[in-house]
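Notes for the one structure printed next.
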Amino acid sequence: MRYYTKEWERLLEKMGTAEMYEPVLDKEYSDEEIAALYEDMMEKYVQESRTEHDEPPFFMEELADLDPDDFDPEDYLIGRFDEDGNEVDVRNPESLEELLQFQEKEREALLEEYENRPPFDEDEAREEFEEDYKDNLEELDEDLPEWVRSTVDKRLIAMYLLPEGVYKKLRDEDEKTEKEFSELDKAADEALEKALESIPDDYRAAVDELDERDGDYVTGISTDGEDLVIGFACWDEKGDQIMIEASFEAAEIIEDEKVSIETDTDEDGEIESNCDLSAHEVYFEDGRLEVHLMFDNDDELKYLTLRCSGISFCTAPQN
């Protein structure tokens, strides 16, 4: 990877850590003071939960005045609501009229759900806070730097509180991280935009398809003659899981950090994997594609870089 590197990913994951926390007085806290903070934070959680419960539904932009000549179905998604109120069978609308009809049905469904919502359950909110606190005590926030986890009372961390001095230092680190990330990300956007312009039209559709695979489970990496084949588990417009294979034709491996893929099936019969495609870059040099792939494999980032004569995709049967 030239731009979307492990360092880029590390900075991305580090950003905004301080936003999850609130500062409190920089002091040693007694058990009684921790107990008082616990009650205060619980009450705050209950009030925030009540506000969220009573928040009216948010509606998408009003489209009734949209000029039909400006309508592009690729810019919108519609679906239908199942018995549980979930939106399924998501797809692009066939016309502006269909989009407007969907918008009205969605508005009616959301309003009906809001108006018939059950009374706010304060006891349930308290139980949620208690459970979250216990979970946080058992496993401290991994996004926090080690120097924070090793120096701050874990009871404060479990309540999303940090001593003011620690909070300010962490916020300063966040600002530095955001600046570093922005510089890397800007350079990546500019360089990859130029790289895309250099890719011949015959390869554009395949490159666009590869863009869609970012974040998908990787189910296997194998060879088929001279081709390198990567299997992906992803979801179609209806929300059904499908298997897709990407063939990198006449592949020449440049760098391979050897991912170790393990797959399993969840309770819904869908495939899960310990590996997904985190990011990628594609260049066209010396008449061939140069493909840089970065995988998240059991929380470890690994590179696979190759040159190939082309990329093709096909739907594979689901075992």
Within region 54-72, the count of residues that are at pLDDT 80 or above, within 18 Å of LYS105 (Cα to Cα) and over 23 Å from the mean Cα position of the chain (by Cα) comes to 2
Checking ALA316, ALA279, ALA246 in turn, the sole residue that is at pLDDT 95 or above and small (Gly, Ala, Ser) turns out to be ALA246
GLU104 fails exactly one of (1) closer than 30 Å to ARG307 by Cβ; (2) part of a helix (DSSP H, G or I), namely (1)
Pairs returned, first residue in region 272-293 that is over 17 Å from LEU304 (Cα atoms), second residue that is open to solvent by 30 Å² or more (accessible area, probe 1.4 Å), beta-carbon separation under 6 angstrom, 6 or more apart or interchain, are GLU272/ASP264; GLU272/ASP266; SER273/TYR217; SER273/THR219; SER273/THR263
Being in contact with a Cys (Cβ under 9 Å, 6 or more places away or on another chain) and surrounded by 18 or more Cβ atoms within 10 Å (Cβ to Cβ) is the requirement here; does THR177 meet it? no
Considering residues that are of a type outside the set (Gly, Ala, Ser), open to solvent by less than 40 Å² (accessible area, probe 1.4 Å) and either modelled with pLDDT under 95 or part of a helix (DSSP H, G or I) (or both), the number found within region 154-165 is 2
Flag for GLU164 being in contact with a Pro (Cβ under 6 Å, 6 or more places away or on another chain) and among the acidic types (Asp, Glu):
yes
Only one of LYS168, LYS176 is under 30 Å from GLU281 (Cα atoms) and part of a helix (DSSP H, G or I), namely LYS176
Filter region 107-141 for residues that are of a type in the set (A, V, I, L, M) and assigned to a helix (DSSP H, G or I); the one that is least open to solvent (accessible area, probe 1.4 Å) is ALA125
Over region 9-53, the set of residues at pLDDT 95 or above, assigned to a helix (DSSP H, G or I), β-branched (Val, Ile, Thr) and closer than 27 Å to GLU146 by Cβ is ILE34
Output for Cβ contacts, cut-off 6 Å, separation at least six or different chains, first residue in contact (Cβ under 8 Å) with a residue 12 or more places away in the chain and closer than 22 Å to MET41 by Cα in region 150-176, second of a type in the set (Asp, Glu) and open to solvent by 30 Å² or more (accessible area, probe 1.4 Å), reads LEU161/GLU22; PRO163/ASP26; GLU164/ASP26; GLY165/ASP26
Exception for ILE244 within (1) surrounded by fewer than 14 Cβ atoms within 10 Å (Cβ to Cβ); (2) over 30 Å from MET20 (Cβ atoms) falls at (1)
Exception for GLY215 within (1) on the phi < 0 side of the Ramachandran plot; (2) surrounded by 11 or more Cβ atoms within 10 Å (Cβ to Cβ) falls at (1)
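The values are calculated or read from the model by the stated rules, or taken from the named source; none is laboratory data. None of the values given here were measured: they were computed from a predicted structure. Glycine also receives a Cβ, built like all others from the backbone with ideal geometry; neighbour counts cover every protein chain displayed. Each accessible area value is taken on the protein alone, full model and side chains, heavy atoms only, with ligands, DNA and RNA left out. Shrake-Rupley method; radii C 1.70, N 1.55, O 1.52, S 1.80 Å.
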